[in-house]
Amino acid sequence: MEHHQSKSFPISHVIGFVVSLVLTFAAAGIALKTNLSFKVIMWIIGSLAVIQAGMQLFMFMHLREGEHGKTNLINMIYAVFMVIVIVVGSIWVLTSGHASH
Amino acid sequence: MSAKVDTSLPLEYQTEQDRMNILGFWVFLGAEIVLFATLFGVYGVLYERFAGGPTHKDIFVIKDVMIQTVLLLTSSFTMGIAIFEMRRHNLKGLITWLVITLALGAGFLFMEINEFIHYAHEGATMQTSAFLSSLFVLLGTHGAHVTLGIGWATMVIIQLLKRGLTPTTARKTFIIGLYWHFLDVVWIFIFTFVYLKGLVA
């Protein structure tokens, strides 16, 4: 609950915005201007996306603020777990040959 | 229900009811994340099923995608500034930044609608291939959320103008703020795993 109206400059928002822009253009640069393999590029830009999303959760959305901060965090961790199960699970099952008869 | 008011907290957290509403909205966002995960899953499976139709490289225009990305990211930032102003009890600043946020959101939506028209002109429609079906469903669901967000935020602005800053209007503003940030978080993954991925391979 440290966020109060006394602060006169939204420093965490500005940092979050600048870092988000840097990560966005870095991902575009790596994807479009380098000759790395598809797999390496996807791992790098995928990681940059996760970093940017995580940063926005804390710096823009105040994830851990308030008396339910811990509940919010557990809720988001569970959501991320569900995303991995659904996305990675679907792609794995449907493209790795298990379904090819 | 709203008997105890803790005035040491920001307006939107002052009553138990408002705190519960904000918690409930986080739970809703958890469900929204799973909804988008299903669409990303489908796209991830079907993204190379072109059925003889256009491929990613035939239709994606990186410059337009970058403009859309910057518009939405900036709108997420200005929404953060709006909430910051709300915490300083600056109603005028809050409304000003909300209007800027919606203008940027409308700009994003304008770009996306143009993008869809451009795709359709190139013969890339929902019926063309599995790739395009899953692409349009994913992008369309996100775009529909942005559209809904613009309508919702407009109504919140009207309430702010009529009723001023109260714990209730502050809580409503905070929740539309969370929703708007969430739309940008989803876009990061669309940008990375749809557009950039499509233009790499």
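What is the spin-label model distance, in nm, from residue B:120 to residue B:166 if the labels are put 7 Å beyond Cα along the C-beta direction?
Output for this residue pair reads 4.4 nm.
What number results when the radius of gyration of the stretch A:8-101, computed over Cα atoms, is divided by 2.2 N^0.38 Å?
Ratio of Rg to 2.2 N^0.38 Å for the stretch A:8-101: 1.41.
Take residue A:32, project a point 7 Å from its Cα along the Cβ direction, then tell me which residues of the stretch B:159-201 have their backbone nitrogen under 20 Å from it.
Answer for this model: B:187-201.
Taking the Cβ of residue A:25 as the centre, find all other residues whose Cβ is under 14 Å away and add up their charges (Lys, Arg: +1; Asp, Glu: -1).
Every neighbour counted, the sum reads +2.
Would you please classify the overall shape of the protein assembly as shown from the alpha carbon gyration tensor, given that a ≥ b ≥ c denote the square roots of the eigenvalues, rounded means a/c under 1.5, and beyond that prolate means a/b larger than b/c while oblate covers the rest?
Cα axes put the protein assembly as shown in the prolate bin.
Suppose every Lys and Arg Cβ carries +1 and every Asp and Glu Cβ carries -1, with no other charges. What dipole size does the protein assembly as shown come out with about its Cα centre, to the nearest 20 debye?
The calculated dipole for the protein assembly as shown is roughly 360 debye.
Placing +1 at every Lys and Arg Cβ and -1 at every Asp and Glu Cβ, with all other atoms neutral, what dipole size does chain B have around its Cα centre, in debye to the nearest 20?
540 debye
Once the Cα atoms of helix B:167-190 and of chain B are each reduced to a long axis, what angle between those two axes, in degrees from 0 to 90 to the nearest 10, is obtained?
Rounded to the nearest ten degrees, it is 20.
Please report how many Lys pairs in the protein assembly as shown have alpha carbons closer than 20 angstrom, counting only residues at least 8 apart along the chain or sitting on separate chains.
12
With +1 on each Lys and Arg Cβ and -1 on each Asp and Glu Cβ, and nothing else charged, work out how big the dipole of chain A is about its Cα centre, in Debye to the nearest 20.
So the magnitude is around 240 debye.
In nm, what is the difference between 0.36 nm times the number of residues separating residue A:43 and residue A:18 and their Cα-Cα distance?
6.8 nm
Go from 0 up to the bin containing the longest alpha carbon distance in the stretch A:9-61, width 5 Å each, and give me the % of pairs per bin.
For the stretch A:9-61, the pair-distance distribution reads 4, 21, 27, 19, 13, 9, 6, 2, 0.
What value, in deg cm²/dmol to 500, does the helix sum -39500 (n - 2.57) over DSSP H runs of n ≥ 4 give at 222 nm once divided by the residues of chain A?
Using -39500 (n - 2.57) per qualifying helix, the result is -25000 deg cm²/dmol.
Starting from the 7 Å offset along Cα-to-Cβ, what nm value, one decimal, do you get for the label separation of residue A:58 and residue A:25?
2.4 nm
Is any residue of the stretch B:73-95 close enough, with backbone N under 17 Å, to a label point placed 7 angstrom from the Cα of residue B:28 along the Cα-Cβ axis, and if so, which?
Under 17 Å, as judged by backbone N against the label point of residue B:28, lies no residue of the stretch B:73-95.
What is the helix-to-structure angle for B:62-87, meaning the angle in degrees between its Cα long axis and the longest Cα principal axis of chain B, kept from 0 to 90 and rounded to the nearest 10?
Around 10 degrees separate the two axes.
Computed FRET efficiency, Cβ-Cβ of residue A:8 and residue B:127, R0 45 Å: what is it to the nearest 0.05?
FRET efficiency, residue A:8 to residue B:127: 0.25.
Only the coordinates and a few stated rules stand behind these numbers; no lab work does. None of the values given here were measured: they were computed from a predicted structure. Note: ideal-geometry Cβ built from the backbone for every residue, glycine included; neighbour counts use all protein chains shown.
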